[in-house]
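Just so it is clear, none of the values below were taken in a lab; they were calculated from the coordinates. These numbers come from a predicted model, not from an experiment. All Cβ positions, glycine included, derive from the backbone under ideal geometry; neighbour counts span all protein chains shown.
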Amino acid sequence: MNRIDWRARNHPAWWAALVHRVSGILLALFLPAHFWALARAIEGEARLESFLRWTENPLVRLAETVLVILLAAHLAGGLRILALEFLAWRDRQKTAIALSAGASLALGLCYLLNVF
Amino acid sequence: MRDQLLRVSVWRGADEGRLVAYEVPARPSQTVLDVVTYIQRRLDPSLAYRFACRVGMCGSCAMTVNGIARWTCRTHVERVAKNSAIEIRPLANLQVIRDLVTDMTPFFEKWRRAEGRFVPATTPARDFAKVPPASRERRAADAGIECIGCGVCYASCDVVAWDPDYLGPAALNRAWTLVNDVRDGGNSDRLRAVAGDAGCHACHSHQSCALRCPKALDPTASIAGLKRVAARATLRGEL
């Protein structure tokens with residue numbers, strides 16, 4: 001049986017599906033780190049404070065921006081799928097993909113401008 | 001144009017095989033099916049491939065051309081050749097019988113499993129059914145009815161590749177046209193058939209089927225329609 005050629009997958013809806021899935025996996029992988037950070041609070045104010053100061057490092061801020069973009073992309077991608085499947089929406093799928101991508105990047109940019 | 005040669009590589013063998021190179025004279029308005037026919041008639045009569053109508057009606061000549069599933073009789077070489085080169089393989093997601101011929105049995109078997117046949121609601125029919133052309137059901141059925149069963153969508157679908165039991169875009173699109181056929185009385189069985197693990201809910205909406213369908217149908221939209229109808233039937237306790 002022949003497998004589907006990678007050239008056949010090079011289209012916007014397929015890339016949108018890939019971004020949705022990969023962003024979901026990366027967010028799930030981040031969750032333990034998130035809970036670890038929250039756990040610092042239980043150990044006392046000083047521990048949390050020193051951790052929060054460390055996060056003011058520009059590299060951490062950049063990583064957080066990537067995280068915000070991932071979250072926004074996953075949310076926008078999910079809303080796009082819900083619209084596609086529940087609103088009987090046939091046309092303008094590429095517009096929906098472009099809007100999802102644009103909204104995600106704009107949110108990421110807003111965050112970046114806010115932290116620096 | 002007359003003196004130009006196309007470099008054509010064609011899959012020879014079954015599931016195990018290799019690409020064999022041929023040189024075919026380029027012609028104006030030449031289709032990929034013309035190229036395959038030239039090879040079989042002039043260069044190598046042992047080449048196996050399928051075609052019938054040559055005018056985009058029968059759905060038998062679909063192949064993978066430069067990586068993408070297409071109906072070869074309506075695909076012009078000029079549109080798909082890269083630097084005068086074309087790579088022709090059999091459709092993906094189906095067993096290869098020989099060369100460019102795949103076994104379409106599972107594809108059509110799934111139409112049957114999706115209850116893709118018309119079940120008359122009243123027998124014998126007492127009168128002609130009156131279906132207003134502008135009604136919502138008629139328009140939904142119209143949107144999917146022109147399927148020629150070529151298998152291009154099936155060969156482009158990632159979910160079929162992941163789950164060999166998945167009914168696939170064409171069978172589910174057929175089921176959706178019947179769900180919207182007001183003369184049909186088989187919807188309870190049909191919904192049960194398409195709402196299982198291997199049915200409409202398995203679709204990931206990658207929309208490769210809609211992009212590749214040579215008849216410009218949108219099986220993803222049909223499958224989304226089935227998802228909604230199946231979800232409503234589940235809420236009402238009918239499924």
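Compute a Gaussian network model of chain B, connecting alpha carbons closer than 10 Å, and tell me which residue from B:Ala62, B:Ala171, B:Ala21 fluctuates the most. Of B:Ala62, B:Ala171, B:Ala21, the Gaussian network model singles out B:Ala21 as fluctuating most. Entry for the stretch B:1-45 at q = 0.16, 0.18, 0.20, 0.22 Å⁻¹: log10 I(q)/I(0) = -0.44, -0.54, -0.65, -0.76, Debye formula applied to identical alpha-carbon scatterers, no solvent contribution. Peptides B:221-232, B:202-213 ranked from most to least packed give B:202-213, B:221-232, packing being the mean of other C-beta atoms within 10 angstrom over each peptide's residues. Shown here for the stretch A:2-58: GluC sites (Glu not before Pro) in loop regions (DSSP other than H, G, I, E, B) with at most 10 other Cβ atoms within 10 Å, namely A:Glu43, A:Glu56. Taking every alpha-carbon pair in the stretch B:3-132 and binning the separations at 10 Å intervals from zero gives 12, 37, 25, 11, 9, 5, 0 percent.
The residue list B:Pro169, A:Leu67, A:Ser100 was ranked by how far each Cα lies along the charge dipole of the protein assembly as shown toward its positive end, using unit charges on Cβ atoms, and B:Pro169 comes out on top. Over all projection directions, the Cα-based convex hull of the protein assembly as shown averages an area of 25.5 nm².
Scaled against the 2.2 N^0.38 Å expected of a compact globular protein of N residues, the Cα radius of gyration of the stretch A:11-115 reads 1.32.
As a calculated quantity, the FRET efficiency between B:Lys215 and B:Arg138 at R0 = 22 Å, using C-beta atoms, amounts to about 0.75.
Each of B:Ser84, B:His204, A:Gly78 was scored by the projection of its Cα onto the charge dipole of the protein assembly as shown, and the greatest displacement toward the positive side belongs to B:Ser84; charges sit on the C-beta of Lys, Arg, Asp and Glu. When both bridge partners sit in the protein assembly as shown, DSSP labels roughly 85% of those beta bridges antiparallel.
Could you tell me the calculated FRET efficiency between A:Leu112 and B:Ala231, based on Cβ-Cβ distance and R0 = 56 angstrom, to the nearest 0.05? Result of the calculation: an efficiency of 0.90. If R0 equals 22 Å, the separation of the Cβ atoms of A:Glu43 and A:Val22 corresponds to a calculated FRET efficiency of about 0.10. Sequence-ordered 3J(HN,Hα) estimates for the stretch B:155-167 from the Karplus curve with 6.51, -1.76 and 1.60 and θ = phi - 60° stand at 6, 9, 8, 5, 5, 4, 5, 6, 10, x, 7, 4, 5 Hz, glycine and proline given as x. For the listed residue pairs B:Lys82/B:Lys110; B:Lys130/B:Lys215; A:Lys94/B:Lys215, the alpha carbons are over 29 angstrom apart in B:Lys82/B:Lys110. Per-residue extension of 0.36 nm, minus the Cα-Cα distance of B:Val55 and B:His76, leaves a gain of 6.3 nm for this segment. Going from the residue with the fewest nearby Cβ atoms within 10 Å to the one with the most, B:Trp176, A:Trp14 rank A:Trp14, B:Trp176.
Taking beta carbons within 10 Å but only from partner chains, what does the mean come to for residues B:148-157?
Working: counts 0, 0, 0, 0, 0, 0, 0, 4, 6, 1.
For peptide B:148-157, the averaged partner shielding equals 1.
Counting other Cβ atoms within 10 Å as a rough exposure proxy, the listed residues B:Tyr154, B:Tyr166, B:Tyr22, B:Tyr38 run B:Tyr38, B:Tyr22, B:Tyr166, B:Tyr154 from fewest neighbours to most. Within the listed set A:Ile97, A:Ile69, A:Ile42, the Gaussian network model of chain A (springs between alpha-carbon atoms below 10 Å) gives the highest mean-square fluctuation for A:Ile42.
About the centre of its Cα atoms, the stretch B:5-102 shows a dipole size close to 220 debye [charges on the beta carbon of Lys, Arg (+1) and Asp, Glu (-1) only; nearest 20 debye].
What size of dipole, in debye to the nearest 20, comes out for the protein assembly as shown about its Cα centre when the only charges are +1 on Lys and Arg C-beta atoms and -1 on Asp and Glu C-beta atoms?
960
Evaluated at q = 0.09 Å⁻¹, the base-10 log of the normalised Debye intensity for chain B, with identical point scatterers placed on the Cα atoms, takes the values -0.44. From least to most packed, judged by other beta carbons within 10 angstrom and beginning with the fewest, B:Val77, B:Val101, B:Val36 follow the order B:Val101, B:Val77, B:Val36.
Working from label points 7 Å from Cα in the Cα-to-Cβ sense, the B:Ala161 to B:His201 distance is 2.5 nm.
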